[in-house]
Each structure stands twice: as C-alpha cells, then as structure tokens.
Amino acid sequence: MMVAIDPLIAAGVVASTAVMDAVYVLFTAAVAGRRAAWAANWSSLWYLLSAFAVISYTHHAVYIVFAAAGSWIGAFASVRWLRTR
C-alpha cells in the first residue's frame, strides 16, 4: 500500500514539532527556574503548536516520522541556545 506524502504537510509537521519541542524546553527551564507566569505562557503555546502535528499524523501515521525529526531538531536547537545564555 502506497501512502502519498504531501511535502507541505510533512514540512509543517517538522516545523511545528521543532518549535513545539523548543517551547517545551523553554517551559521546562521556566518551571525549573520557578517562573510561574513564563511556565504558564510556554505551556499554553506548547499545546497550541501540538494541535497541528497531532491532527496531521493522526490522519496519516507516516507523518509520525516527520514529527520525530522535528522534535529532535527543536530539542537539540533549544538546548544549544539555552547553553549560550
């Protein structure tokens, strides 16, 4: 069975999960720093961003691969960014 992959959806899933994981890292840093307002802001943004990825890959499971790639990119980039601060 062939699954047609829409490149725009795939790119959107990668981008949304990359940003979503970056936001999650910032959320975790805010929680660790006991900054309640920032933690709440990052948390709400995290849920908003996850909606696109979840809706995309629940329609076609193949997009989970793109979600995982975006997640890796986002976590790696945001931790590297936090190390420079």
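What to note about this one:
- Its Cα gyration tensor gives segment 1-42 an equivalent ellipsoid. The semi-axes, each the square root of 5 times an eigenvalue, are 33, 8, 6 Å from largest down.
- Built from the Cα atoms of segment 42-85, the convex hull projects on average onto 3.3 nm², one quarter of its surface area.
- Calculated mean residue ellipticity at 222 nm for the chain: -29500 deg cm²/dmol, from DSSP H runs with n ≥ 4 weighted as -39500 (n - 2.57), summed, divided by the residue count and rounded to 500.
- Other residues within the sphere of radius under 13 Å centred on the Cβ of V25, judged by their own Cβ, net out at +2 (K and R +1, D and E -1).
- Sequence-separation-based contact order of segment 7-83, relative, with Cα cut under 8 Å and 6+ spacing, percent: 51 percent
- Computed on the Cα atoms alone, the convex hull of the chain gives a volume of 80 cubic angstrom per residue.
Bear in mind these aren't lab numbers, they're just calculated from the coordinates by the rules spelled out. Keep in mind that this is a model prediction, so the values were computed, not measured. Positions of Cβ are backbone-derived with ideal geometry, glycine not excepted, and every protein chain shown enters the neighbour counts.
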